[in-house]
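Below is one structure, written out as structure tokens; comments come after it.
The values are calculated or read from the model by the stated rules, or taken from the named source; none is laboratory data. Everything numeric here is computed off the predicted structure, so don't read it as measured data. No Cβ is skipped: glycine too gets one built from the backbone with ideal geometry, and neighbour counts run over all protein chains shown.
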Amino acid sequence: TKELRIEDLRVGIDGKEILRGVNLTIRQGEVHALMGPNGSGKSTLSYALAGHPNYEVLGGSATIDGADLLGMEADERAKAGLFLAFQYPTSIPGVTVANFLRHAVTNVRNPDRKEGEELIPMRDFRKELREQMAELGMDQEFARRYLNEGFSGGEKKRAEILQLAMLRPAFAILDETDSGLDIDAVRIASEGVNRVAAKHSTGILVITHYERILTYIKPQFVHILFGGQIVESGGPELVTHLEKEGYDWVREKYPEAA
Ligand code: ADP
Ligand code: MG
Ligand code: MG
């Protein structure tokens, strides 16, 4: 099994240090939740791991089985086994869900493929796509829609879960903070994540401000990010505690991190 290891990671935006030494190790098959009040740096962590150009790595490392992720282009990170939902463009004119997935799957499975070389065979791809969609309870028609064009929040989520099921990454980072989904969509998306994670032993990091998604995606490990550092780590009982008490006790306990 592979290991995603984040060590003493420091990241800045516009010259301001936001992440101030984050340490986190995730093994395949583990489900971790990263929680924390607004502005604590949760999205900064996911953008930095995605390689977003606005986020400057000031120090530390992020590796999968020793391979340095931070030096890689976004597509290389995907080939190394990292899935980041939002690294994909929000909408590509004229590209269907199926088309997009066929390219993405080809790139991840044939890492040495050159631009313009053959995609994975249509017949095999279609069959696999049909099977995955059936398993996730998705309407087959969905694959013929144009990617993200007029998608509802729930449909975007569904496309994301389908990507996850088709790409079968070693690790997936899901930043759920601003998804604005209704409760049914949260439940359906979460069940999809659970199914894919269990089947392919994916290591999952769910990043969220709210507890509700964690009633469906059950993390074994819970971390609280505050002031750009992980100040507390524990089990699912931390979620229950935050649900009852909010984040005030974190601010009081770690005034120097604020
Ligand atoms: P979270 O996801 O935990 O709410 P973020 O990672 O979005 O936190 O933000 C962490 C800090 O970085 C906040 O103080 C926020 O104001 C700041 N920040 C986020 N994005 C930008 C940006 N584009 N430019 C400058 N500061 C930013
Ligand atoms: Mg925020
Ligand atoms: Mg955020």
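Miscellaneous remarks
- From the list VAL231, VAL196, VAL222, the lone residue that is surrounded by 15 or more Cβ atoms within 10 Å (Cβ to Cβ) and in contact (Cβ under 8 Å) with a residue 60 or more places away in the chain is VAL222.
- Some residue of segment 150-168 being in contact with a His (Cβ under 7 Å, 6 or more places away or on another chain), on the phi > 0 side of the Ramachandran plot and at pLDDT 90 or above: yes
- Any hit, segment 206-216, residues being away from ligand 3 (no atom under 16 Å from the Cβ), closer than 17 Å to LEU34 by Cβ and buried (at least 19 other Cβ atoms within 10 Å of the Cβ): no
- Residue satisfying all of: in segment 9-25; surrounded by fewer than 22 Cβ atoms within 10 Å (Cβ to Cβ) and under 27 Å from GLU237 (Cβ atoms); nearest to ligand 1 (Cβ to nearest atom) among these: ARG20
- Count of residues meeting criterion [out of contact with any strand residue (DSSP E or B) (no Cβ under 7 Å at 6 or more places or on another chain) and crowded, with 16+ Cβ neighbours inside 10 Å] in segment 156-186: 15
- Test: residue in segment 171-186 that is closer than 19 Å to LEU84 by Cβ, away from ligand 2 (no atom under 16 Å from the Cβ) and modelled with pLDDT of 85 or more: yes
- If you filter segment 12-48 down to residues that are of a type in the set (Val, Ile, Thr), touching a residue at least 60 places away in the same chain (Cβ under 8 Å) and touching a helix residue (DSSP H, G or I) at 6+ places or on another chain (Cβ under 9 Å), you find that the one that is farthest from GLY203 (Cα to Cα) is ILE18.
- Verdict on VAL239 being touching a helix residue (DSSP H, G or I) at 6+ places or on another chain (Cβ under 6 Å), assigned to a helix (DSSP H, G or I) and either away from ligand 2 (no atom under 16 Å from the Cβ) or basic (Lys, Arg) (or both): yes
- Among the residues of segment 1-50, those identified as outside any strand (DSSP E or B) and more than 16 Å from ligand 3 (Cβ to nearest atom) are THR1, LYS2, ASP14, GLY15, GLN28, GLY29, GLU30.
- In the set (1) farther than 23 Å from GLU211 by Cβ; (2) touching a Ser or Thr at 6+ places or on another chain (Cβ under 9 Å); (3) within 14 Å of ligand 1 (Cβ to nearest atom), the condition left unmet by ALA50 is number (2).
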